[in-house]
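Novice: Attaching a single structure in structure tokens format; questions to follow.
No value in this document is a laboratory result; all are computed from the given coordinates. Computed from a prediction, not measured in an experiment: that's the story for all the values here. Cβ atoms come from the backbone with ideal geometry, glycine included; neighbour counts cover every protein chain shown.
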Amino acid sequence: MHPAVMAVFLLALLVLAGVGVLLLQRRRRQAAQRRREARERERTLFDLRLGDIVQAEAADWVVEDRLLYDQDGFQWLEYLLRDGGRSRWLVVCEDDWLEVSWLEPVDLVPPPPLPLPPELTWHGATYRLQEQGTASVTASHRRMNQRLGRCRFADYTGPGERVLGLEVWAQAGGAQADAEIEATAGRLIDPRSLTLLPGDGRSVYRSAAD
């Protein structure tokens, strides 16, 4: 083969090899970028955001709020979930182990007395006081009124995995009799029963003016 032809042939090989290396590097960078984006979009029970989806009870529940409770440095999370006109609270508490509760708002009639008793009966079942205390509460996904204040909470356990939660909200300096009591009831669940999906970061049920 003529030397000039050989030189052109070798040059073409070098160019092709260089192009191949560049394409390989580009594919690796794109794959690494896709892995980073996938990790960023993955959700856990500790970092759900506004608009994310929690699949449970054969429904897609949308995260509408995230409350952080702080009891002298011990913290836990409560997510407000919505599916149409229904609402649920997903409570995530990690101490020696991870405890996840699936709760819905309920009306206790008549309301429990204050101070809260060591036992409550609701729907024919007896619930016993497991823990109580005072915590500060901060909301993450609200434009206004993010610091909700302090509430007194009481956690009750019933038969099986059933749980009942009470929160007592009172105005500063207000009488105990005027306090508002919020109640939720439900059960402890296996967190593996939930499917967490990233959303678009926007509220589905609240208008822009909220």
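Novice: For Leu14 and Asp70, compute 0.36 nm times the residue count separating them, minus their Cα-Cα distance, and round to one decimal in nm.
Specialist: On the way: separation 56, 0.36 × 56 = 20.16 nm, distance 6.39 nm.
So the chain would gain 13.8 nm between Leu14 and Asp70.
Novice: Taking the Cα centre of the stretch 46-108 as origin, work out the dipole magnitude from +1 charges on Lys and Arg Cβ and -1 charges on Asp and Glu Cβ, in debye rounded to 20.
Specialist: Values: 5 positive and 16 negative charges, 67 e Å.
Taking the Cα centre of the stretch 46-108 as origin, the dipole is about 320 debye.
Novice: Take the Cα pairs of the stretch 41-169, get the Kirkwood Rh, then feed it into Stokes-Einstein at 4 °C and 1.567 mPa s and tell me D in µm²/s. If you can, show how the numbers build up before the last one.
Specialist: Working: Rh = 15.9 Å.
Approximately 82 µm²/s, per Stokes-Einstein.
Novice: Could you work out how far apart the two model spin labels at His123 and Asp190 are, taking each label as a point 7 Å from the Cα in the direction of the beta carbon, and quote it in nm?
Specialist: It is 2.2 nm.
Novice: Right, another one. As an exercise, use a Förster radius of 30 Å and the Cβ-Cβ distance of Asp200 and Glu104 to find the FRET efficiency, rounded to the nearest 0.05. Spell out each step's value before the answer.
Specialist: On the way: r = 26 Å, r/R0 = 0.85.
The formula returns an efficiency of 0.75 here.
Novice: Using DSSP to call loops (not H, G, I, E or B), can you name the chymotrypsin sites (Phe, Trp or Tyr not before Pro) in the stretch 45-133 whose Cβ has at most 15 other Cβ atoms within 10 angstrom? Intermediate results must be reported in sequence, preceding the final value.
Specialist: Details: sites: Phe46, Trp61, Tyr69, Phe74, Trp76, Tyr79, Trp89, Trp97, Trp102, Trp122, Tyr127; in loops: Phe46, Trp97.
Counting only loop positions with at most 15 other Cβ atoms within 10 Å, the chymotrypsin sites (Phe, Trp or Tyr not before Pro) in the stretch 45-133 are Phe46, Trp97.
Novice: Taking 0.36 nm per intervening residue step and subtracting the Cα-Cα distance, what contour gain separates Cys93 from Leu148 on full extension?
Specialist: Numbers: separation 55, 0.36 × 55 = 19.80 nm, distance 1.95 nm.
In short, 17.9 nm is gained.
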